[in-house]
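Notes for the one structure printed next.
The values are calculated or read from the model by the stated rules, or taken from the named source; none is laboratory data. In this text, all values refer to a predicted model and were calculated from it rather than measured experimentally. Cβ: placed from backbone, ideal geometry, glycine included. Neighbour counts: every protein chain shown. Side chains are part of the model used for accessible areas, which takes the heavy atoms of the whole protein and leaves out ligands, DNA and RNA. Shrake-Rupley method; radii C 1.70, N 1.55, O 1.52, S 1.80 Å.
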Amino acid sequence: MTGESRPAYVLTGSGSPTTVFAPGLGGSVEQTRPFGSGVRGTRAFLEANEKSGQHLTYADLAGDVRRIADELGAARAVGVSLGAGAILRLLATAPDRFERVVLLLPAALDRPRSARIATRMRAAAGDADRGDVDAVAAALRALQPASARDRADVVAWSRDRARALAGPAFARVLRAFADQQPLADRGVLTGCTAPVLVVGQDGDEAHPADVARETAAALPNAELVVFPPGGLLWEHRAATRERISAFLNAVDGSGGDSPGGDGPGAVGGLA
C-alpha cells in the first residue's frame with residue numbers, strides 16, 4: 001500500500017512485467033481486480049479517490065497513474081471507464097510510456113459525455129450531497145447498461161457502493177467529470193504506437209460503443225473489440241477477462257507468476 005503523498009494501491013502477483021490498473025468512477029479494487037486475474041506478473045490496482053473529492057480533472061488522474069507506474073516500473077496499463085480516460089490523457093503527453101495498453105469502456109474522447117448522461121451525473125451529485133444512499137444507488141444502476149440494471153448482483157453492487165460513496169466529496173467528483181473530456185483533440189494520439197486493446201459494448205448509454213470505435217480509430221496500433229448488450233462488466237465478464245489476458249500475455253515470456261483467481265468482490269463500474 002502507499003503513503004498519503006501518492007494514490008493508494010494494492011499489489012497482487014509477482015515478477016515482471018508489472019501492469020497498473022486504473023478504476024472507473026465509483027469503482028474499487030474489488031471491482032477492477034477480476035480483470036487482472038489472468039494477467040501474468042505483478043498487478044497494481046489503484047484505489048479510486050472519490051472520498052477525498054480532490055482529484056477533479058483527467059490531468060489529476062493521469063498524474064496518479066503516471067506516478068504509480070513510474071514508481072513500480074509498470075510497462076503496461078489497463079483503464080476502466082474513467083480510468084481509461086486517465087490513461088488516454090497520459091498517452092497524449094507521454095505516448096511511449098507503456099508497451100501495451102487496454103482501454104475498457106471509454107466514456108469520452110475529445111467531446112464531453114452526452115447531455116443526458118451529464119444530467120444524470122449532476123442529479124446523482126445532488127443525491128450524494130444529501131447523503132441519500134437509496135437515490136445514489138438508483139443513480140449508479142441507471143448508469144449501467146439497461147439490460148443489466150435489474151440483475152441481483154448489480155442491485156447489490158449499487159447499494160454497497162452508494163453506502164461507501166454518498167457524501168459531498170463524491171458529489172464534487174460527479175459534477176467535475178459530468179462535462180469533461182480526456183482530450184482536447186484526438187489527433188495527439190497519433191504519436192502512440194504501442195499496441196492498444198480497446199473494448200466497448202453495445203447498448204451502454206454511459207459508455208457508447210461509438211466512443212470505443214473512435215478511440216481505436218485515433219490510435220495507430222489499436223485492436224477493437226465490441227461486445228453485444230448485456231454488460232461487459234456483468235454478463236461478459238469472463239470473455240472480457242480472457243481478451244485482456246490474451247492481449248497482455250501474448251508477448252509475456254517473463255517467467256512471472258501464474259494467473260490467479262478473481263479474488264473477492266463483485267464487478268461494476270460507473271462512468
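Using the Cβ of Arg122 as centre and a radius below 12 Å, the other residues enclosed give a net charge of +2, where K and R count +1 and D and E count -1. Computed over protein heavy atoms with a 1.4 Å probe, the accessible surface of the chain works out to 38 Å² per residue.
If each Cα of the chain is one equal point scatterer, what is log10 of I(q)/I(0) from the Debye formula at q = 0.08 Å⁻¹? Cα-only, vacuum Debye calculation for the chain: -0.27.
Between the beta carbons of Thr190 and Val226, assuming R0 = 22 Å, the FRET efficiency works out to 0.50 to the nearest 0.05. Here the spin labels are modelled as points 7 Å beyond Cα on the Cα-Cβ line, and at Gln180 and Thr57 they lie 0.8 nm apart. The stretch between Leu72 and Arg163 holds 29.6 nm of extra length on full extension. This uses 0.36 nm per residue minus the Cα-Cα distance. Against the main long axis of the alpha-carbon atoms of the chain, helix 209-218 sits at an angle near 40°. Would you work out if region 101-161 is rounded, prolate or oblate? Take a ≥ b ≥ c from the square roots of the eigenvalues of the alpha-carbon gyration tensor; rounded if a/c is under 1.5, else prolate when a/b is larger than b/c, oblate otherwise. Here region 101-161 falls in the oblate category.
Among Thr193, Thr215, Thr32, the largest mean-square fluctuation in a Gaussian network model of the chain (Cα springs under 10 Å) belongs to Thr193.
Placing +1 at every Lys and Arg Cβ and -1 at every Asp and Glu Cβ, with all other atoms neutral, what dipole size does region 100-148 have around its Cα centre, in debye to the nearest 20? Here the size comes out at about 260 debye. Any chance you could tell me what percent of the C-alpha pair distances in region 87-134 go past 14 Å? Summing the P(r) of region 87-134 above 14 Å gives 67 percent of all pairs. Given axes a ≥ b ≥ c from the Cα gyration tensor, I'd like to know whether region 1-136 is rounded (a/c under 1.5), prolate (a/b larger than b/c) or oblate. Judged from the Cα gyration tensor, region 1-136 comes out prolate (a/c at least 1.5, a/b above b/c).
Relative to the current alpha-carbon distance between Ala115 and Ala142, full extension at 0.36 nm per residue lengthens the span by 8.3 nm. The protection proxy used here, the mean number of other Cβ atoms lying within 10 Å of each residue, ranks peptides 94-101, 60-67, 181-188, 195-202 as follows, highest first: 195-202, 60-67, 94-101, 181-188. Classified by the C-alpha gyration tensor, region 128-232 has an oblate form. Its axis ratio a/c, with a ≥ b ≥ c, is 1.5 or above, and a/b does not exceed b/c.
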